[in-house]
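Reading through the structure tokens given below for one structure.
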Ligand SMILES: CC(C)(COP(=O)(O)OP(=O)(O)OC[C@H]1O[C@@H](n2cnc3c(N)ncnc32)[C@H](O)[C@@H]1OP(=O)(O)O)[C@@H](O)C(=O)NCCC(=O)NCCS
């Protein structure tokens, strides 16, 4: 019998502290960094974001989203046999130990369950979903928690107005389970390491001392150009692999970085704007967490219904990009 992989539960969690554009603009002005609500909304579509309090770790956010996904699926934590956690802001430097292992411990899951971090920056969730799908269809695992959990407020430079207004903290999770009916229909991952300079972090450790900047760097315009091109290309790739047309897509869930990128990608993919799930306005860019947060939001508010086709596509540092086409 053919084994398929299916999304059986979703969850998300944002730390309670909401920071509006007005509040952020005032905080930045006090440091001599000039920006405005009007600029942020017009250029990115972001009106607010959430920041984690000091001492809160990516694993703490991931655990909350994971609990909600398990509850929706009606699956006990100990039935999970693999945790794939996508993050660029792990609990510990270099992911040592992995944030996935921290989540496993915090959920009280025993050692039958493997746990590993996936690093593909903002494409991390889509990469991890592709891996989860392959593991399940190969019969290696039955219940995989795929989590995106990020605390970007600790890696953006609040003196750099071109990036600090765009990012936020949060987590999203999905339970992917073995099923006898099709769920995930197609996945595709890409990378182009030649383009690392346009979106990266310089920091590296040397003999226990950090060298280079520990803040993220982004050439916004260069990333923007790449994003609209590759999201369109990879979206078409997975539709072709699954043998579906744009008219068969019920919801497009692009990586939530910028409303203008999402609108442009939807137009190129021939998916009407009203079928695009947008959460960036109140979350900001939460990197690997954006897609599962948006997916969970649209699941819980009733927009996404059983049997519908969802196209998820992301781009991130590396560069990396990819897409997942799933039937819910
Ligand atoms: C970052 C981004 C919002 C900038 O929007 P943009 O329309 O390209 O704006 P530009 O970079 O051309 O900057 C326009 C002007 O605004 C200024 N500006 C930049 N940030 C500003 C801010 N927060 N407030 C006010 N002005 C700002 C710039 O200095 C520039 O001024 P100049 O014309 O005098 O030089 C946009 O490029 C973007 O979203 N890029 C992709 C980001 C992305 O997808 N990242 C995720 C990948 S994971």
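The values are calculated or read from the model by the stated rules, or taken from the named source; none is laboratory data. Note that the structure is a prediction, hence the values are computed from the model and not measured. Cβ: placed from backbone, ideal geometry, glycine included. Neighbour counts: every protein chain shown.
Report, by residue number, each residue of the stretch 1-31 that is closer than 30 Å to residue 72 by Cα and part of a loop (DSSP other than H, G, I, E, B).
1, 2, 3, 14, 15, 16
What's the number of the condition residue 199 fails, among (1) buried (at least 22 other Cβ atoms within 10 Å of the Cβ); (2) under 30 Å from residue 73 (Cβ atoms); (3) touching a helix residue (DSSP H, G or I) at 6+ places or on another chain (Cβ under 6 Å)?
In the conditions (1) buried (at least 22 other Cβ atoms within 10 Å of the Cβ); (2) under 30 Å from residue 73 (Cβ atoms); (3) touching a helix residue (DSSP H, G or I) at 6+ places or on another chain (Cβ under 6 Å), residue 199 misses (2) alone.
From the list 199, 166, pick out the single residue that is more than 26 Å from residue 114 (Cβ to Cβ) and in the same structural domain as residue 88 (by TED's automatic domain parsing).
Only one candidate qualifies: 166.
Which residue is surrounded by the fewest Cβ atoms within 10 Å (Cβ to Cβ), if the candidates are limited to the stretch 158-188 and must be in a strand (DSSP E or B) and within 16 Å of the ligand (Cβ to nearest atom)?
The extreme case among them is 167.
Quick check on residue 260: is it over 16 Å from the mean Cα position of the chain (by Cα) and closer than 27 Å to residue 20 by Cα?
Taking the combined requirement at face value, the residue satisfies it.
Checking residue 34 against (1) assigned to a helix (DSSP H, G or I); (2) surrounded by fewer than 17 Cβ atoms within 10 Å (Cβ to Cβ), which single condition isn't satisfied?
(1)
Scan the stretch 246-280 for residues that are surrounded by 16 or more Cβ atoms within 10 Å (Cβ to Cβ), within 16 Å of residue 327 (Cβ to Cβ) and out of contact with any strand residue (DSSP E or B) (no Cβ under 7 Å at 6 or more places or on another chain) and report the count.
Selection size over the stretch 246-280: 1.
Looking at the structure I just gave you, is residue 130 within 16 Å of the ligand (Cβ to nearest atom), in the same structural domain as residue 22 (by TED's automatic domain parsing) and not in a strand (DSSP E or B)?
no
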